[in-house]
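First the structure, in the form of C-alpha coordinates, and then the observations on it.
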Amino acid sequence: MRSYFEFAGRTRTLAVTFAATAAFLVVVFPSLPIGGEMLDMKPGYSHEEAMASMAEYGPDGRTTYAWASAVLDTLLPIFYVTFFAGLIYRFRLTEGTWILAFIPVIAGLGDLAENAQITAMLLQYPNVGTTQVAWASAFTMVKGWIIPVYMVLGLGLLLVAGSRCAVRTIRDHWGSD
(Lines give C-alpha, C1' and ligand atoms only; values in the text may rest on other atoms or scores of the structure.)
Protein backbone atom coordinates (compact mmCIF):
# COMPACT_ATOMS: atom_id res chain seq x y z
CA MET A 1 0.00 0.00 0.00
CA ARG A 2 2.90 2.30 0.71
CA SER A 3 4.00 2.14 -2.94
CA TYR A 4 0.50 3.29 -3.93
CA PHE A 5 0.84 6.27 -1.58
CA GLU A 6 4.25 7.08 -3.05
CA PHE A 7 2.74 6.96 -6.54
CA ALA A 8 -0.21 9.08 -5.41
CA GLY A 9 2.15 11.68 -3.92
CA ARG A 10 4.00 12.35 -7.16
CA THR A 11 3.48 15.81 -8.61
CA ARG A 12 2.07 14.55 -11.91
CA THR A 13 -0.30 12.12 -10.16
CA LEU A 14 -1.51 14.86 -7.82
CA ALA A 15 -2.13 17.20 -10.77
CA VAL A 16 -4.01 14.60 -12.83
CA THR A 17 -6.15 13.34 -9.96
CA PHE A 18 -6.96 16.88 -8.82
CA ALA A 19 -8.06 17.83 -12.35
CA ALA A 20 -10.11 14.66 -12.74
CA THR A 21 -11.80 15.12 -9.36
CA ALA A 22 -12.63 18.74 -10.14
CA ALA A 23 -13.96 17.83 -13.60
CA PHE A 24 -16.25 15.15 -12.16
CA LEU A 25 -17.58 17.42 -9.42
CA VAL A 26 -17.93 20.61 -11.45
CA VAL A 27 -18.79 19.37 -14.94
CA VAL A 28 -19.75 15.70 -15.16
CA PHE A 29 -22.14 15.12 -12.24
CA PRO A 30 -23.97 18.47 -12.44
CA SER A 31 -24.68 17.88 -16.15
CA LEU A 32 -26.27 14.45 -15.69
CA PRO A 33 -29.97 14.51 -16.66
CA ILE A 34 -31.25 12.88 -13.49
CA GLY A 35 -34.15 15.19 -12.74
CA GLY A 36 -33.46 15.84 -9.06
CA GLU A 37 -30.83 16.00 -6.35
CA MET A 38 -28.68 12.87 -6.22
CA LEU A 39 -29.15 10.82 -3.06
CA ASP A 40 -25.43 10.68 -2.38
CA MET A 41 -25.29 14.49 -2.32
CA LYS A 42 -27.75 14.66 0.58
CA PRO A 43 -26.58 14.49 4.20
CA GLY A 44 -28.82 11.46 4.75
CA TYR A 45 -32.37 10.41 3.96
CA SER A 46 -35.30 8.37 5.18
CA HIS A 47 -37.11 5.68 3.20
CA GLU A 48 -39.84 8.17 2.34
CA GLU A 49 -37.33 10.78 1.15
CA ALA A 50 -35.45 8.22 -0.95
CA MET A 51 -38.63 6.95 -2.56
CA ALA A 52 -39.79 10.51 -3.29
CA SER A 53 -36.42 11.34 -4.87
CA MET A 54 -36.45 8.21 -7.02
CA ALA A 55 -40.01 8.94 -8.13
CA GLU A 56 -38.92 12.50 -9.01
CA TYR A 57 -36.10 11.16 -11.20
CA GLY A 58 -38.53 9.24 -13.37
CA PRO A 59 -37.58 6.11 -15.32
CA ASP A 60 -34.97 7.84 -17.49
CA GLY A 61 -33.45 9.68 -14.53
CA ARG A 62 -33.24 6.47 -12.49
CA THR A 63 -31.55 4.66 -15.39
CA THR A 64 -29.08 7.50 -15.87
CA TYR A 65 -28.39 7.72 -12.14
CA ALA A 66 -27.93 3.93 -11.83
CA TRP A 67 -25.44 3.98 -14.71
CA ALA A 68 -23.63 7.02 -13.30
CA SER A 69 -23.52 5.52 -9.81
CA ALA A 70 -22.15 2.22 -11.06
CA VAL A 71 -19.63 3.65 -13.52
CA LEU A 72 -18.82 7.33 -13.03
CA ASP A 73 -19.22 7.34 -9.27
CA THR A 74 -16.84 4.42 -9.10
CA LEU A 75 -14.19 6.40 -10.95
CA LEU A 76 -14.62 9.51 -8.80
CA PRO A 77 -13.52 7.83 -5.55
CA ILE A 78 -10.46 6.46 -7.31
CA PHE A 79 -9.51 10.01 -8.28
CA TYR A 80 -10.26 11.80 -5.01
CA VAL A 81 -8.81 9.02 -2.85
CA THR A 82 -5.60 9.04 -4.89
CA PHE A 83 -5.40 12.84 -4.74
CA PHE A 84 -5.96 13.23 -1.00
CA ALA A 85 -3.99 10.12 -0.02
CA GLY A 86 -1.10 11.43 -2.12
CA LEU A 87 -1.39 14.90 -0.63
CA ILE A 88 -1.43 13.56 2.93
CA TYR A 89 1.42 11.15 2.24
CA ARG A 90 3.63 13.61 0.41
CA PHE A 91 3.27 16.46 2.88
CA ARG A 92 3.17 14.41 6.10
CA LEU A 93 4.88 16.16 8.99
CA THR A 94 6.84 13.12 10.17
CA GLU A 95 7.68 9.75 8.65
CA GLY A 96 5.45 7.99 11.15
CA THR A 97 2.33 9.89 10.11
CA TRP A 98 2.20 8.32 6.63
CA ILE A 99 -0.55 6.06 7.99
CA LEU A 100 -2.94 9.04 7.88
CA ALA A 101 -3.05 8.56 4.10
CA PHE A 102 -5.45 5.67 4.79
CA ILE A 103 -8.22 8.10 5.86
CA PRO A 104 -9.30 8.96 2.29
CA VAL A 105 -8.98 5.27 1.36
CA ILE A 106 -11.51 4.40 4.07
CA ALA A 107 -13.78 7.16 2.78
CA GLY A 108 -13.48 5.83 -0.76
CA LEU A 109 -14.41 2.31 0.33
CA GLY A 110 -17.47 3.72 2.11
CA ASP A 111 -18.33 5.71 -1.01
CA LEU A 112 -18.18 2.56 -3.13
CA ALA A 113 -20.45 0.74 -0.67
CA GLU A 114 -22.85 3.69 -0.83
CA ASN A 115 -22.79 3.58 -4.65
CA ALA A 116 -23.60 -0.14 -4.65
CA GLN A 117 -26.58 0.44 -2.37
CA ILE A 118 -27.87 3.40 -4.38
CA THR A 119 -27.47 1.52 -7.68
CA ALA A 120 -29.36 -1.44 -6.26
CA MET A 121 -32.16 0.83 -5.00
CA LEU A 122 -32.48 2.56 -8.37
CA LEU A 123 -32.66 -0.77 -10.19
CA GLN A 124 -35.15 -2.27 -7.71
CA TYR A 125 -37.43 0.77 -7.57
CA PRO A 126 -40.25 0.75 -6.43
CA ASN A 127 -39.47 -2.43 -4.45
CA VAL A 128 -36.95 -0.83 -2.12
CA GLY A 129 -36.93 -1.88 1.52
CA THR A 130 -36.41 0.37 4.51
CA THR A 131 -33.31 -1.57 5.62
CA GLN A 132 -31.62 -1.04 2.28
CA VAL A 133 -32.35 2.70 2.39
CA ALA A 134 -31.07 2.82 5.97
CA TRP A 135 -27.76 1.21 4.90
CA ALA A 136 -27.40 3.51 1.91
CA SER A 137 -28.17 6.57 4.04
CA ALA A 138 -25.73 5.40 6.73
CA PHE A 139 -22.92 5.11 4.16
CA THR A 140 -23.87 8.57 2.84
CA MET A 141 -23.71 10.05 6.35
CA VAL A 142 -20.37 8.42 7.19
CA LYS A 143 -18.96 9.71 3.90
CA GLY A 144 -20.26 13.18 4.82
CA TRP A 145 -18.45 13.04 8.17
CA ILE A 146 -15.11 11.71 6.92
CA ILE A 147 -14.75 13.94 3.84
CA PRO A 148 -14.08 17.11 5.87
CA VAL A 149 -11.51 15.21 7.97
CA TYR A 150 -9.26 14.23 5.09
CA MET A 151 -9.86 17.47 3.22
CA VAL A 152 -8.80 19.61 6.19
CA LEU A 153 -5.88 17.28 6.88
CA GLY A 154 -4.66 17.27 3.27
CA LEU A 155 -5.11 20.98 2.67
CA GLY A 156 -3.69 21.79 6.11
CA LEU A 157 -0.56 19.77 5.39
CA LEU A 158 -0.25 21.49 2.01
CA LEU A 159 -0.50 24.90 3.71
CA VAL A 160 2.11 23.94 6.30
CA ALA A 161 4.46 22.74 3.55
CA GLY A 162 3.82 25.91 1.53
CA SER A 163 4.46 28.16 4.51
CA ARG A 164 7.67 26.27 5.37
CA CYS A 165 8.83 26.68 1.78
CA ALA A 166 8.00 30.40 1.86
CA VAL A 167 9.88 30.88 5.14
CA ARG A 168 12.93 29.06 3.73
CA THR A 169 12.82 31.17 0.59
CA ILE A 170 12.54 34.40 2.56
CA ARG A 171 15.26 33.31 4.97
CA ASP A 172 17.56 32.32 2.10
CA HIS A 173 16.92 35.56 0.23
CA TRP A 174 17.02 38.00 3.14
CA GLY A 175 19.43 36.05 5.28
CA SER A 176 22.20 36.27 2.65
CA ASP A 177 22.68 40.01 3.21
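The phi torsions of the range 89-96, fed into the Karplus equation with coefficients 6.51, -1.76 and 1.60 and a -60° offset, translate into couplings of 5, 5, 9, 4, 6, 9, 4, x Hz, rounded to whole numbers, with Gly and Pro shown as x. Report, in degrees rounded to the nearest 10, the 0 to 90 angle that the Cα long axis of helix 47-67 makes with the longest principal axis of the chain. Taking Cα atoms only, the helix is inclined about 80 degrees. Residue separation of Arg171 and Glu37 scaled by 0.36 nm, minus their Cα-Cα distance, works out to 43.2 nm of gained length. Packing around the peptides 161-169, 97-105, taken as the average count of other Cβ atoms within 10 Å per residue, puts them in this order, highest first: 97-105, 161-169. For the range 1-104, a crude dipole built from +1 on the beta carbon of Lys and Arg and -1 on the beta carbon of Asp and Glu, taken about the Cα centre, is about 640 debye to the nearest 20. Once both labels are positioned 7 Å from their Cα atoms along Cα-to-Cβ, the gap between Thr130 and Leu159 label points is 4.4 nm. Normalised by the number of residues in the chain, the mean separation of alpha-carbon contacts (under 8 Å, six or more apart) gives a relative contact order of 29 percent.
Run the paramagnetic zone check for Val152: 7 angstrom along Cα to Cβ, then residues of the range 8-26 with backbone nitrogen under 11 Å. Under 11 Å, as judged by backbone N against the label point of Val152, lies no residue of the range 8-26. By a 1.4 Å probe calculation restricted to protein chains, Thr63 has an accessible surface near 90 Å², given to the nearest 10. Which of Gly36, Leu76, His173 sits farthest toward the positive end of the charge dipole of the chain, with +1 on the Cβ of Lys and Arg and -1 on the Cβ of Asp and Glu? Checked the options; the winner is His173. In this entry, the chain is assigned a mean projected area of 11.6 nm², taken as a quarter of its C-alpha convex hull surface. Against the chain, whose longest principal axis comes from its Cα atoms, helix 11-23 is set at around 30 degrees. In terms of the Cα gyration tensor, with a ≥ b ≥ c the square roots of its eigenvalues, is the range 34-96 rounded because a/c is under 1.5, prolate because a/b exceeds b/c, or oblate? Prolate, since a/c reaches 1.5 and a/b exceeds b/c.
The values are calculated or read from the model by the stated rules, or taken from the named source; none is laboratory data. Since the model is a prediction, treat every value here as computed from it, not as a measurement. As a convention, Cβ positions derive from the backbone with ideal geometry for all residues, glycine included, and neighbour counts pool all protein chains shown. Side chains included, ligands, DNA and RNA excluded: accessible areas come from the protein's heavy atoms. Shrake-Rupley method; radii C 1.70, N 1.55, O 1.52, S 1.80 Å.
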